[in-house]
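Report on one structure; see the data block that follows.
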Amino acid sequence: MTTGFRDHAAGPQAPASDWSAARLAEAAAEIVAGEDLPPIVQAGHPVLRTAALPFEGQLDAELLGALIAIMRRTMHAAPGVGLAAPQIGLPLRLAVLEDGWAGDEQVAAVRSRSPLPFVAMLNPVYVPVGAERSAFYEGCLSVRGYTAVVRRAERVEARWTAPDGAARGAEFTGWQARIVQHETDHLAGTLYLDKAEPRSLCSNEEYAARWAQPTPERAARALGF
Ligand code: ZN
């Protein structure tokens with residue numbers, strides 16, 4: 001892991017989580033044992049603003065596998081295309097991603113959105129590839145009810161560890177790159193709002209009524225960002 005990789009996720013310095021391995025394992029076991037899916041914590045909860053702990057074997061393989069399965073179900077139920085462990089209250093560098101979106105083809109083409117098969121990432125890091133940036137409205141399950149435009153790298157190289165311990169790396173483009181950046185940022189205590197165009201902030205209702213075009217150009221002209 002290089003410094004260059006990590007810097008792209010970190011916003012203003014977030015304090016590191018002070019959880020012990022035992023506390024983390026206990027909290028994960030509680031979530032896995034729960035009858036209901038865990039609630040998704042909302043902005044204002046400090047876990048979203050701390051740098052999560054690198055995975056170093058704090059959870060055994062069985063617990064990790066069960067946790068990933070719960071996170072996947074929670075992501076589907078929301079519904080969302082990514083979920084980071086801090087969003088269910090665990091300061092651990094773990095995120096699940098999956099985009100099975102099959103919407104309007106034109107919109108998908110403009111946003112470079114194509115299906116992303118399920119992937120669980122431990123300790124992910126990314127670095128932009130090239131200078132191309134794209135700006136689109138995005139939202140977050142932990143900032144319920146709002147959406148805002150974020151300018152992000154169109155292409156990133158990511159590295160992570162798979163649940164079985166294997167080192168993985170891949171290049172992602174378009175919407176997939178956006179999801180990778182958004183979820184990895186969560187693990188550094190960064191919310192998408194930190195990188196958003198402030199004047200683009202929009203309730204979901206206003207977005208649906210006015211700005212759901214494939215690109216945010218009209219919104220930019222009207223709202224002044
Ligand atoms: Zn989010």
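The values are calculated or read from the model by the stated rules, or taken from the named source; none is laboratory data. Just so you know, these numbers come straight off a predicted model, no measurement behind them. Backbone-built Cβ (ideal geometry, glycine too); neighbour counts: all protein chains shown. Just so you know, the surface numbers come from the protein's heavy atoms only, side chains and all, with ligands and any DNA or RNA stripped out. Shrake-Rupley method; radii C 1.70, N 1.55, O 1.52, S 1.80 Å.
Points to keep in mind about this one:
- Whichever residue in region 27-85 is under 23 Å from residue 190 (Cβ atoms) and in contact with a Lys or Arg (Cβ under 7 Å, 6 or more places away or on another chain) and, among such residues, is surrounded by the most Cβ atoms within 10 Å (Cβ to Cβ): 52
- Any hit, region 158-175, residues being closer than 23 Å to residue 77 by Cβ, within 15 Å of the chain's Cα centre (by Cα) and within 13 Å of the ligand (Cβ to nearest atom): no
- Number of the exception - residue 79 against (1) in contact (Cβ under 8 Å) with a residue 12 or more places away in the chain; (2) within 16 Å of the ligand (Cβ to nearest atom): (1)
- Being of a type in the set (S, T, N, Q) and open to solvent by 10 Å² or more (accessible area, probe 1.4 Å) is a description that applies to residue 203.
- When residues of region 189-220 are limited to those that are within 21 Å of the chain's Cα centre (by Cα), within 15 Å of residue 134 (Cα to Cα) and not in a loop (DSSP other than H, G, I, E, B), the one farthest from the ligand (Cβ to nearest atom): 200
- Residue, nearest to residue 48 (Cα to Cα), within region 127-145, restricted to residues that are more than 15 Å from the ligand (Cβ to nearest atom) and touching a residue at least 40 places away in the same chain (Cβ under 8 Å): 127
- Qualifying residue in region 206-225 (condition: out of contact with any His (no Cβ under 9 Å at 6 or more places or on another chain), within 24 Å of residue 13 (Cβ to Cβ) and open to solvent by 30 Å² or more (accessible area, probe 1.4 Å)): no
- Residue 178 meets each of the listed conditions (1) open to solvent by less than 40 Å² (accessible area, probe 1.4 Å); (2) more than 19 Å from residue 103 (Cβ to Cβ) apart from (2).
- Taking residues in region 40-52 that are more than 18 Å from residue 123 (Cβ to Cβ), and partners anywhere that are surrounded by fewer than 19 Cβ atoms within 10 Å (Cβ to Cβ) and of a type in the set (D, E, K, R), the pairs with Cβ atoms closer than 7 Å and at least 6 places apart or on different chains are 42/144.
- Residue match in region 146-153 (condition: closer than 18 Å to residue 9 by Cβ, away from the ligand (no atom under 16 Å from the Cβ) and open to solvent by 10 Å² or more (accessible area, probe 1.4 Å)): yes
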